[in-house]
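Only one structure is covered here, and it is reproduced in the block below.
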Amino acid sequence: MGSANGLVTVQGRQPLFSFGLISDVQYADIPDGRSFHGVPRYYRHSMLVLQRAVREWNALQKHKFVMNFGDIVDGNCPKDHSLNAVKKVVDEFARFKGPVYHMIGNHCLYNLPRSKLLPLMNIQSIDDGCAYYDFSPVPEYRFVVLDAFDISAIGWPRDHPRTLEALKFLREKNPNKDKNSPTRLVGPERRFLMFNGGIGKEQMEWLDRVLQDATKLEQKVVVCCHVPLDPGATDYEALLWNYDEVMDVIHRYNCVKVCLGGHNHRDGYSVDSHGIHHRVFEAALECPPGTNAYGNVDVYDDQISLVGIDRMESIDMRF
């Protein structure tokens, strides 16, 4: 197994609960490659990272659940292999002896339509094929999982209203012919790319209701979203289109303590103006052979402690 990275342990205290996490597995049965920026990608080895993570999570015998932060298979996976590739990774997650909570990423949607993805990943749709939901592992906490591609140019049928809304948005915001190019976009405007997405009106209203309810129940909330929600924790190119609107809703309440995400492939951390911690996770896909990137999380009443394995950095988030 990998080794933990320098976490300050919480002496003499038992967590309320623990869980495991991993992000951006992006498995494909193809030779290694590189990202647009030249970063090596290890498509087959990422499955071995997941397998080692599941073995460790089971051996620890303490996690209430595991969270997959999206991009279960890579966009370069041959399309006639997509279904089997997704099934293979989902089956590997299913070896964990407990619940597994998935969220969808852009690479998931490059491979399969939502109608096939959501049942495979056991995501119960609240709203017409969308993939947002919430759950409470203990009475004191609630996890809110957002669908970052609710409004998106990928994943929906070409003539779907959500696709048309996304394409109109991109035409207005991105002057480039290639809508995945940030050329001439400055600062946070560089997020207006086709491989990102946004959160629509219905999901925003749902989020507001969930946070109202959590406030009444005096629950602390952890928001999980494949695409990051704070520019201080990620490259601008990996931000949610309407992260500012989402955070405006979140900032109306004091219940949200932490926002977690993937998508950017590199570690990121910030504390926003309202004291909310934002942590973006390293990608399993970019682990060279023999290395790992996954985490074990201990949750307390007043902090969340990530024990990162190998390439995943550890952190204590106190609130």
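The values are calculated or read from the model by the stated rules, or taken from the named source; none is laboratory data. Keep in mind that this is a model prediction, so the values were computed, not measured. Using ideal geometry, Cβ is built from the backbone for each residue, glycine included, and neighbour counts are taken over all protein chains shown. Just so you know, the surface numbers come from the protein's heavy atoms only, side chains and all, with ligands and any DNA or RNA stripped out. Shrake-Rupley method; radii C 1.70, N 1.55, O 1.52, S 1.80 Å.
Would you mind calculating the relative contact order of the range 1-146 from Cα pairs under 8 angstrom and at least 6 residues apart, reporting the percent as a whole number?
21 percent.
Distance between Cα centroids, the range 262-319 to the range 153-224: provide it in whole Å.
23
Between Lys173 and His81, how high is the FRET efficiency from 1/(1 + (r/R0)^6) when r is the Cβ-Cβ distance and R₀ = 41 Å? Nearest 0.05. Spell out each step's value before the answer.
Values: r = 34 Å, r/R0 = 0.83.
Given R0 = 41 Å and the Cβ-Cβ separation, E is 0.75.
Using a 1.4 Å probe on the protein chains only, how many percent of the accessible area of the range 134-249 belongs to carbon and sulfur?
Result for the range 134-249: 51 percent of the exposed heavy-atom area is carbon or sulfur.
Just to be sure I understand: of the beta bridges DSSP finds with both ends in the range 1-121, what percent are antiparallel, rounded to 5?
Values: 2 of 11 bridges.
So the antiparallel bridges amount to about 20 percent of the total.
Nearest 0.05, what FRET efficiency do Asn58 and Asn122 give at R0 = 25 Å with Cβ-Cβ as r? Numbers along the way, then the final one.
Numbers: r = 19 Å, r/R0 = 0.75.
FRET efficiency, Asn58 to Asn122: 0.85.
What whole-number value in Å² describes the accessible area per residue of the chain for a 1.4 Å probe?
Details: 13600 Å² over 319 residues.
Solvent-accessible surface per residue comes out at 43 Å².
With Kirkwood's inverse mean 1/r over C-alpha pairs for Rh, give me the Rg to Rh ratio of the range 123-273, two decimals please.
Working: Rg = 15.6 Å, Rh = 16.0 Å.
Across the range 123-273, the Cα-based Rg/Rh ratio is 0.97.
Which entries in Lys62/Lys97; Lys79/Lys168; Lys220/Lys257; Lys168/Lys201; Lys79/Lys116; Lys216/Lys257 show an alpha-carbon gap greater than 18 Å?
On the way: Lys62/Lys97 10 Å; Lys79/Lys168 27 Å; Lys220/Lys257 7 Å; Lys168/Lys201 16 Å; Lys79/Lys116 14 Å; Lys216/Lys257 16 Å.
Long pairs (Cα-Cα over 18 Å): Lys79/Lys168.
Apply 1/(1 + (r/R0)^6) to the Cβ-Cβ distance of Glu245 and Phe319, taking R0 = 30 Å, and write down the FRET efficiency to the nearest 0.05. Intermediate results must be reported in sequence, preceding the final value.
On the way: r = 23 Å, r/R0 = 0.77.
According to the calculation, E is roughly 0.80.
Would you tell me the accessible area of Leu164, worked out with a 1.4 angstrom probe on the heavy atoms of the protein chains, in Å² to the nearest 10?
Accessible area, nearest 10 Å²: 90 Å².
Taking the structure as given and computing semi-axes √(5λ) of the Cα gyration tensor in Å, which label from (i) 27, 24, 19; (ii) 36, 31, 13; (iii) 38, 23, 17 fits?
Structure-derived value, by its label: (i).
Using only the heavy atoms of the protein chains and a 1.4 Å probe, how would Ser46, Ser136, Ser314, Ser115 rank by accessible area, largest first?
Working: Ser46 0, Ser136 60, Ser314 25, Ser115 90 Å².
Highest to lowest solvent-accessible surface, that is Ser115, Ser136, Ser314, Ser46.
Grab the Cα-Cα distance for Phe36 and Asn254, subtract it from 0.36 nm times how many residues apart they are, and report the gain in nm with one decimal.
Working: separation 218, 0.36 × 218 = 78.48 nm, distance 3.90 nm.
Contour length minus Cα-Cα distance gives 74.6 nm.
Quick query: amide H of Tyr27 versus all other amide H atoms, modeled in the peptide plane; which residues come in under 5 Å with a sequence gap of 5 or more or a different chain?
Under 5 Å from the amide H of Tyr27 lie the amide H atoms of Val73, Asp74, each far enough along the sequence or on another chain.
Can you list the residues, at least 5 places off or on another chain, whose amide H is less than 5 Å from the amide H of Phe17, using H built in the peptide plane?
Long-range HN contacts for Phe17: Val299.
Calculate for the chain the 222 nm mean residue ellipticity that helices alone would give, adding -39,500 (n - 2.57) per DSSP H run of length 4 or more and normalising by residue count, nearest 500 deg cm²/dmol. Working shown, then result.
Details: 7 runs with 78 residues, N = 319.
Mean residue ellipticity at 222 nm (helix-derived): -7500 deg cm²/dmol.
Quick one: ranking Asp24, Asp301, Asp213, Asp316 by accessible area, 1.4 Å probe, largest first, what do you get?
Working: Asp24 0, Asp301 85, Asp213 65, Asp316 30 Å².
Of Asp24, Asp301, Asp213, Asp316, the descending order of accessible area is Asp301, Asp213, Asp316, Asp24.
Dividing the alpha-carbon Rg of the range 218-260 by 2.2 N^0.38 Å yields what?
Numbers: Rg = 10.6 Å, N = 43, 2.2 N^0.38 = 9.2 Å.
This ratio for the range 218-260 stands at 1.15.
What are the ³J(HN,Hα) values, in whole Hz, obtained from phi via the Karplus relation 6.51 cos²θ - 1.76 cosθ + 1.60 with θ = phi - 60°, for each residue of the range 100-105 in sequence order, with x given for Gly and Pro?
In residue order, the calculated couplings are 10, 10, 9, 10, 8, x Hz.
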